[in-house]
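Trainee: One structure is given below, represented as structure tokens, and several questions about it will come after.
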Amino acid sequence: MSSLSFSDILNKASVFKNKNVLSPHYYPPEMLYRDHELRTLMELIAPAFKGVKPNNLFIYGNSGCGKTAAVKLVLQKIKAEENTRVFTTYMNCRVYDSRYKVIQKLVGDFIIELPRTGHSMATIYEKLLDWIEDDDQGKNLIVVLDEIDAVKDLDDLVYTLTRTNDDLKKGSISVIGISNRIDFKKKLDARSKSSLCEKELVFHSYNASQLSGILEDRIKASFNDGAILHGALNLASAIAASENGDVRYALSLLLWAGELADSKKLKVVTEKEVEDARKKADEDKSFELVSGLPQHQQLVLYALCLSDSEAYSKLVEENGDKYYFSGHVYEKYKSICRKTKVEPRSSRWYREYLHDLESLGLITTIESGKGVRGHATLICPGFDPNKIRVIIEKRILGD
DNA sequence: ATTCCACAGGAAGCGACGGCCC
DNA sequence: GGGCCGTCGCTTCCTGTGGAAT
């Protein structure tokens, strides 16, 4: 042990040349197969350089199909231009998820950092207006709202930003909204929709051969020559193609497969490592998701996993999966709460928990449809119930 | 045809919290 | 220190919905 040094660890043989290229936070300087989208984006933004407000834009497409990367690339090009009054800012709405937080972030980026609360909406809004107008010809601000569907009061936000352009004597604000949920537009009211979606741009999913192309490109920069066998590459692209052409997923598969090969001291990554990486990724993901859950969501999940052995649980078989009535799971949840001396949440909140669990992929729900009285919901665990049970027992009931 | 059931999910509001400004 | 302000996690109340039961 005493002879071990950092250089030993760093110089250990590896299939990787540069792992960073595979990270989800890495954005490539060039993009393949997205010429049309990049051009459209740039044409849309171009008027800003003449002091004309660009149209608002709404971008959608499945996850991992290059939306964010394309926009970030264009933002870099804007920043590279000199002497302009075009300002840009990018934010992810999972973090900035309310009108207040978005406006606050704008003020923070360009004017002054503000505390989380304390100032009224009106105060910080005025600050923003003053800043945009405080220039001979005003400033043209382009705001990119990634995962825009996460904003809770999006109608208010869109209304405020639209109104800003009316209030401004000079300068403008344009919005580029990005989402991977096409259906979310339905939730907006008509005015916000027409305002936000002045222009729309769809990113279609990559097909298997495009995925291979992209992967090959990244492999060159991240792995040693010949470290990835052709079969492994093809398998990774095929898996990703079946996951809606998600490049991010494909890259993380390669990363995991490479790490697996390193740990087995292999010089090349084969199909086997990719396959194992996929399995391991699924398991790790479920473990991480479950252990990171708030207490009551864990209890709900636990109730669902335990329903199997209970005599009163009725089950409906649907292609081999066991579905449980949401009402019964709620009762089970309440009884577990009683046993563990925890105050159960209301059924309204329980329904929110189900939504959360479903969006995390930990459960799937279907409507009962015919054969059941009323409008019942049926729930099925997304992973092996026994494994989930063990994780939760360690977490909650263990201590 | 009407009533009942088992929910879904929107709206309003509550109270604690952390923070501002004066 | 008091009056605002926005947020969070939650409850209560309520209307809507689709099919079963009567």
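Trainee: With θ taken as phi - 60° and the coefficients 6.51, -1.76 and 1.60, list the Karplus ³J(HN,Hα) couplings across segment A:185-197 in order, rounded to whole Hz; mark glycine and proline as x.
Mentor: For segment A:185-197, the Karplus curve yields 4, 4, 6, 6, 7, 3, 5, 5, 4, 5, 6, 5, 9 Hz.
Trainee: For residue A:223, what residues show an amide H to amide H distance below 5 Å, using hydrogens built from the backbone and excluding near sequence neighbours?
Mentor: A:17, A:18
Trainee: Same structure, new question: How far, in nm, would the chain grow between residue A:26 and residue A:285 when pulled straight, counting 0.36 nm per residue and subtracting the alpha carbon separation?
Mentor: So the chain would gain 91.1 nm between residue A:26 and residue A:285.
Trainee: About its Cα centre, how strong a charge dipole does chain A have in debye, to the nearest 20, once Lys and Arg get +1 and Asp and Glu get -1 at the Cβ? Numbers along the way, then the final one.
Mentor: Values: 57 positive and 57 negative charges, 129 e Å.
Here the size comes out at about 620 debye.
Trainee: Then there is this: Taking 0.36 nm per intervening residue step and subtracting the Cα-Cα distance, what contour gain separates residue A:343 from residue A:229 on full extension?
Mentor: Gain on extension, residue A:343 to residue A:229, equals 35.5 nm.
Trainee: Let me spell out the model: positive unit charges on the Cβ of Lys and Arg, negative unit charges on the Cβ of Asp and Glu, origin at the Cα centre of segment A:207-284. What dipole size does that give, in debye rounded to 20? Numbers along the way, then the final one.
Mentor: On the way: 10 positive and 14 negative charges, 41 e Å.
It comes to approximately 200 debye.
Trainee: Taking H placed 1.01 Å from N in the peptide plane, check which residues at least 5 places from residue A:229 or on another chain put their amide H under 5 Å from its amide H.
Mentor: The answer is A:269.
Trainee: If packing is taken as the average number of other Cβ atoms within 10 Å across a peptide's residues, how do A:18-25, A:293-300 rank, most packed first?
Mentor: The densest-packed peptide leads the list: A:293-300, A:18-25.
Trainee: Sticking with this structure for a sec: Mind ordering A:58-64, A:117-123, A:188-194, A:218-224 by average Cβ neighbours within 10 Å, highest first?
Mentor: Result, highest mean Cβ count within 10 Å first: A:58-64, A:218-224, A:188-194, A:117-123.
Trainee: Please tell me the relative contact order of segment A:207-284 in percent, rounded to the nearest whole number, where contacts are Cα pairs under 8 Å and at least six residues apart.
Mentor: Details: 78 pairs, mean separation 26.7, N = 78.
Value for segment A:207-284: 34 percent.
Trainee: Pop a pseudo-label 7 angstrom from the Cα along the beta-carbon direction at both residue A:190 and residue A:167 and give the gap in nm to one decimal.
Mentor: Result for the modelled spin labels: 2.6 nm.
Trainee: Further question on the same structure: How would you order A:71-78, A:133-140 from highest to lowest mean count of nearby Cβ atoms within 10 Å?
Mentor: So the order, starting with the most tightly packed, is A:71-78, A:133-140.
Trainee: Report, by chain and number, residues whose modeled amide H sits under 5 Å from the one on residue A:141, excluding near sequence neighbours (fewer than 5 apart, same chain).
Mentor: A:87, A:172, A:173, A:174
Trainee: Points 7 angstrom from Cα along the Cβ direction at residue A:77 and residue A:384: gap in nanometres?
Mentor: About 4.9 nm, to one decimal.
Trainee: Can you list the GluC sites (Glu not before Pro) in segment A:1-52 that are in a DSSP coil and have 13 or fewer other beta carbons within 10 angstrom?
Mentor: Answer by residue number: A:30.
Trainee: Let me ask something else about it. In percent, what relative contact order does chain A have, based on Cα pairs under 8 Å that are 6 or more apart in sequence?
Mentor: Once divided by the residue count of chain A, the mean separation gives 17 percent.
Trainee: Here is a further query. Given points 7 Å out from each Cα along the Cα-Cβ axis, report the residue A:358 to residue A:10 separation in nanometres with one decimal.
Mentor: 5.1 nm
Trainee: Put +1 on the Cβ of every Lys and Arg and -1 on every Asp and Glu Cβ in chain A; which of A:230, A:54, A:355 then has its Cα farthest towards the positive end of the dipole?
Mentor: Value computed over the given set: A:355.
Trainee: So how compact is chain A: Cα radius of gyration and Dmax in angstrom?
Mentor: Reported Rg and Dmax, both Å: 25.2, 76.
Trainee: Sticking with this structure for a sec: Kindly put A:152, A:127 in sequence by how many other C-beta atoms sit within 10 Å of each C-beta, fewest to most.
Mentor: A:152, A:127
Trainee: When the Karplus curve 6.51 cos²θ - 1.76 cosθ + 1.60 is applied with θ = phi - 60°, which whole-Hz ³J(HN,Hα) does each residue of segment A:330-337 get, with x for Gly and Pro?
Mentor: With coefficients 6.51, -1.76 and 1.60, one gets 5, 4, 4, 4, 5, 5, 5, 4 Hz.
Trainee: Would you mind pulling out the separation of the Cα centroids of segment A:69-143 and segment A:221-254, in Å?
Mentor: Comparing the Cα centres of segment A:69-143 and segment A:221-254, I get a distance of 37 Å.
Laboratory data are not the source of any read-out in this text; all were calculated from the coordinates shown. Predicted, not measured: the structure shown is a model, and the values here were computed from it. Here the Cβ is made from the backbone with ideal geometry for all residues, glycine too, and neighbour counts use every protein chain on show.
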